[in-house]
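**Q** Here it is, the structure, as structure tokens.
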Amino acid sequence: MQIINGPLRIDSRIDPPRLHSWVCACATGGRLKVLTAVWQGLPSRRRTGGCPERFRLPAAAVAMAAPASDLISVFSSPQELGASLAQLVAQRAACCLAGARARFALGLSGGSLVSMLARELPAAAAPAGPASLARWTVGFCDERLVPFEHAESTYGLYRTHLLSRLPIPDSQVITINPQLPVEEAAEDYAKKLRQAFQGDSVPVFDLLILGVGPDGHTCSLFPDHPLLQEREKIVAPISDSPKPPPQRVTLTLPVLNAARTVIFVATGEGKAAVLKRILEDKEENPLPAALVQPHTGKLCWFLDEAAAGLLTVPFEKHSTL
């Protein structure tokens, strides 16, 4: 393995999801080292129980790695990104289900992620079988206060396009009650999360998949909004969202930063400028997405080439072509 300073070109013969399961395990103090390395055909090794064995860098190689930063993976297309994301979700679930807690808690965001996961995740999760999927718990990182049948409902879209194809019990899909006023809907959703995450002072998701807007918002946490200062509530109402619809319910930063793994997903040229600000600039007033820094968990960025077009920091370039 050779450590280099530029973007990584991954040999197409290497399984990218297996690489992700390894690199996402390389956490230091809640931040990931950017390990730009040239792989030379490391053999595939697996533990019993279906959880990929984690390869470890030699101590000398770790010492040569870049200062603590976020792990950035860049894919040639949204389709390749989606396929690798789905495999990572399935692998993360397998590892969690093989652990002491024997469950997998997944938090989903809306937008383009709905169609991406609907296209790829059912096939990626199918080999685990219905018994494993029955131990998944699914929540939503934010939600619009609209009926589930409405085109803007995140849960409604996932119910139609993804959850209808996964045998996850309805009782383990945690949703808001859209018939309540926004303040009560937030309190009700927080109560449901505390029931699902009993024993956690703050709900700890095994994996949160987040998006980022062109303005740097994530979930329904918008730039310069007072909710960025919220430290007590795990779920907050918002009635003045700058992006319609105005009434929403969102997870707060304490929950985002308590997660074991957070993956940001961004595609398209329209995200390039804000990603450069988030990943390279040290702003006095950071954008909401830049405030997501898991305390003890792992943080990864999955980008397509268009979204990564302005980055100058090291990243890993993946291709299955």
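The values are calculated or read from the model by the stated rules, or taken from the named source; none is laboratory data. As the structure is a prediction and not an experimental result, all values here were calculated from the model. Neighbour counts run over all protein chains shown; Cβ positions are idealised from the backbone, glycine included. Areas reflect the complete protein model, heavy atoms only, side chains present, ligands, DNA and RNA absent. Shrake-Rupley method; radii C 1.70, N 1.55, O 1.52, S 1.80 Å.
**Q** Roughly how many Å² of Arg101 are accessible to a 1.4 Å probe, to the nearest 10?
**A** Solvent-accessible area, nearest 10 Å²: 100 Å².
**Q** Relative to the present Cα-Cα distance, how much length would full extension add between Ala102 and Asn285 at 0.36 nm per residue of separation?
**A** Length difference between fully extended and current span is 61.9 nm.
**Q** Considering the Cα trace of the range 180-321, what is its radius of gyration and what is Dmax, both in angstroms?
**A** In Å, with Rg to one decimal and Dmax whole: 15.9, 50.
**Q** Let me ask another. What lysines sit close enough to Lys191 to cross-link, taking a C-alpha to C-alpha distance under 22 Å and skipping anything fewer than 8 places away on the same chain?
**A** Partners within reach: Lys233.
**Q** Work through the residues other than Ala185 whose Cβ is under 10 Å from its Cβ and net out their charges, Lys, Arg +1 and Asp, Glu -1.
**A** Value of the local net charge: -4.
**Q** For Asp224, Asp281, Asp304, write out the residues from largest to smallest accessible area, computed with a 1.4 angstrom probe and no ligands counted.
**A** Of Asp224, Asp281, Asp304, the descending order of accessible area is Asp224, Asp281, Asp304.
**Q** Something else about it: Mind checking the alpha-carbon convex hull of the range 94-213 and giving the volume per residue in Å³?
**A** Spelled out: Cα convex hull of the range 94-213, divided by residues, is 112 Å³.
**Q** Let me ask something additional. Apply the Karplus curve 6.51 cos²θ - 1.76 cosθ + 1.60, θ = phi - 60°, to the phi angles in the range 281-296 and return the couplings in whole Hz, x for Gly and Pro.
**A** Calculated HN-Hα couplings, in order: 8, 9, 7, 5, 10, x, 5, x, 4, 6, 7, 7, 9, x, 4, 10 Hz.
**Q** Treating cross-link reach as a plain straight distance, find the aspartates and glutamates whose alpha-carbon is under 18 Å from the alpha-carbon of Lys192, omitting any fewer than eight places away in the same chain.
**A** Excluding near neighbours in sequence, the set is Asp142, Glu143, Asp170, Glu183, Glu184, Asp200, Asp206, Glu232.
**Q** Hey, can you grab everything whose amide H is under 5 Å from the amide H of Val204? Only 5+ residues off in sequence or another chain; H modelled, so Pro and N-termini drop out.
**A** The answer is none.
**Q** Grab the other residues whose beta carbon is less than 12 angstrom from that of Tyr158, score K and R as +1, D and E as -1, and report the net.
**A** Around Tyr158, the charge tally is +1.
**Q** Next question. Carbon and sulfur together cover what percent of the accessible area of the range 71-318 at a 1.4 Å probe radius?
**A** About 53 percent, which is the carbon plus sulfur part of the accessible surface.
**Q** If a/c stays under 1.5 just call it rounded; otherwise compare a/b with b/c (prolate if a/b is bigger, oblate if not). Do that for the range 71-318, with a ≥ b ≥ c from the square roots of the Cα gyration tensor eigenvalues.
**A** Rounded, because the longest to shortest axis ratio a/c is under 1.5.
**Q** Heads up, I need the accessible area for Asp240: 1.4 angstrom probe, whole protein in place, Å², nearest 10.
**A** Roll a 1.4 Å probe over it and Asp240 shows about 100 Å².
**Q** If you count, for each residue, the other Cβ atoms within 10 Å and average over each peptide, how do 81-87, 178-184, 108-114 line up from highest to lowest?
**A** 81-87, 108-114, 178-184
**Q** Which far-off residues, 5 or more places away or on another chain, put their amide H under 5 Å from the one on Val262, with H placed in the peptide plane?
**A** For Val262, whose amide H was placed from the backbone, the distant partners under 5 Å are Leu208, Lys298, Leu299, Cys300.
**Q** Nearest-5 percent of antiparallel DSSP beta bridges in the range 71-318?
**A** 25 percent
**Q** For the range 171-180, take each phi angle, set θ = phi - 60°, evaluate the Karplus expression 6.51 cos²θ - 1.76 cosθ + 1.60, and give the result in whole Hz per residue in order, putting x for glycine and proline.
**A** 5, 9, 10, 8, 10, 6, 9, x, 7, 8
**Q** Phe140's amide H: which non-local residues (gap 5+, or another chain) put their own amide H closer than 5 Å, with H modeled 1.01 Å from N in plane and none for Pro or chain starts?
**A** Residues meeting the amide H criterion: Leu108.
**Q** Here's something else I'd like to know. Order the following by accessible area, largest value first: Glu149, Glu280. Probe radius 1.4 Å; ligands, DNA and RNA are ignored.
**A** Descending order: Glu149, Glu280.
**Q** If Lys and Arg each add +1 and Asp and Glu each add -1, what is the summed charge of the other residues whose beta carbon sits under 15 Å from the beta carbon of Asp224?
**A** -3
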